[in-house]
Amino acid sequence: MTAAVNGAPAVLALTVDPRLEADLSRLAAAAGAGLEVMADPGEARSAWSRASVVLVGPDALSALAVTSPPRRERVHVVARDPIPDALFRAALSVGAESVLELPAAESWLVETLTDTADGTTGGGGVVCVVGGSGGAGATTFAAALAAVAASDLPGASDLRPVTLVDADPLGPGIEHVAGVDDLAGTRWGPLLESAGRLGSRSLLASLPQSEGLAVLGWGSGARLPLTREVVREVLSAAQRGSELVVVDLPRYSAPVTQEVLHRCDHLVLVTTLTLPAVASAAQVVSQVVPHVSRCHLVARGPVSALDPDHVSAALGMPLVAEMADQRRLAEAIEMGLGPVRERRGPLARAARATLGALG
């Protein structure tokens with residue numbers, strides 16, 4: 001029997017099978033979740049109500065059904081052997097959401113238990129920002145979008161921040177643009193050397209943070225290639241612990257880019273309003289749009305440039321914001337003030353318009 005971890009109620013396991021108990025103990029430890037094992041379902045009524053997740057072994061199903069436990073969420077039947085049809089019917093009788101077979105379901109179960117240890121069961125949305133061409137200002141807009149969200153979202157705080165992730169190894173470095181490069185915290189390097197599940201609280205607590213915004217960037221020195229596995233774990237943990245995750249994406253297609261896009265709820269393409277820039281943006285669109293269902297356009301440029309509505313129609317995505325170039329933006333970033341020093345500047349207004357359009 002193990003106590004709760006991080007203040008979260010322990011996971012309840014009902015089984016007398018020592019092999020299943022050993023497997024569940026190992027998976028709970030990997031997730032950092034406390035596990036309370038009980039053999040008699042009749043004696044587990046109080047634990048049944050307070051546990052964050054209930055895992056039921058096939059050996060305990062019949063005895064549990066006799067007790068007529070009250071219906072609750074997050075009850076799962078877990079088996080080590082091939083699952084017979086009768087087991088599914090018995091699982092329904094106790095209100096189980098799913099029947100899991102180990103070892104095939106281990107990854108899913110560890111992620112569920114990690115959510116429990118983090119005290120989270122949902123996740124923030126993921127917004128990806130990509131430039132239509134070089135110099136479009138996508139990194140700056142991603143930083144502005146995250147900063148405005150951190151200041152405007154009612155739930156954003158140091159405990160559940162907006163998270164800004166730099167997934168472009170060839171970019172300028174988002175910590176500098178966001179004004180947090182002087183703050184201590186974890187960068188990509190140590191995460192790329194780690195393995196296994198990441199807890200959202202431990203990840204976000206380790207990142208540089210300022211006013212409800214947590215930033216994962218590259219730091220100084222050489223940038224190691226990102227891997228799909230690490231990116232998957234980082235984004236999963238960031239989603240579980242954040243109000244919103246904003247990702248600065250590279251323009252080129254790669255396995256890591258596709259991994260991010262598979263988790264992306266909204267894609268924002270930033271383009272300047274010139275013919276070469278729009279032609280380049282069309283190529284980017286052809287590579288990323290097939291991976292994302294909801295795409296949006298932010299247009300930057302002077303009034304004398306191409307018509308933003310015409311560009312929107314040509315690229316086949318709705319225009320959510322137009323913005324003029326912001327005066328003294330480069331100076332503000334160099335001074336470490338971030339991109340939205342002026343709450344009524346073009347960047348801040350475009351960021352708010354985009355957040356409003358994304359819902």
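Below are the figures for this structure:
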{"quantity": "Accessible area per residue in Å² at 1.4 Å probe, computed on the chain", "calculated": "44"}
{"quantity": "Portion, in percent, of the accessible area of the stretch 254-351 that falls on carbon or sulfur, probe 1.4 Å", "calculated": "54"}
{"quantity": "Helical mean residue ellipticity (222 nm; -39500 (n - 2.57) per DSSP H run of 4+; nearest 500) of the chain", "calculated": "-11500 deg cm²/dmol"}
{"quantity": "Accessible carbon and sulfur surface of the stretch 165-243 relative to its total accessible area, %, 1.4 Å", "calculated": "53"}
{"quantity": "Equivalent ellipsoid semi-axes, the chain, via Cα gyration tensor eigenvalues times 5, rooted, Å", "calculated": "46, 21, 17"}
{"quantity": "0 to 90° range, to nearest 10: angle between helix 138-152 axis and the chain longest Cα axis", "calculated": "60"}
{"quantity": "Sequence of Asp307, Asp248 from largest to smallest accessible area, 1.4 Å probe", "calculated": "Asp307, Asp248"}
{"quantity": "Vicinal HN-Hα couplings computed from phi for the stretch 348-355 (Karplus, 6.51 cos²θ - 1.76 cosθ + 1.60; Hz; Gly/Pro x)", "calculated": "5, 5, 5, 5, 5, 4, 5, 4"}
{"quantity": "Full-extension gain in nm, Leu92 to Asp182, via 0.36 nm per residue minus C-alpha separation", "calculated": "26.9 nm"}
{"quantity": "With every protein chain in place, the stretch 80-119: carbon and sulfur % of accessible area (1.4 Å)", "calculated": "55"}
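The values are calculated or read from the model by the stated rules, or taken from the named source; none is laboratory data. Please read all numbers here as calculations on a predicted model, not as lab measurements. Note: accessible area is taken over every heavy atom of the protein model, side chains too, but ligands, DNA and RNA are not part of it. Shrake-Rupley method; radii C 1.70, N 1.55, O 1.52, S 1.80 Å.
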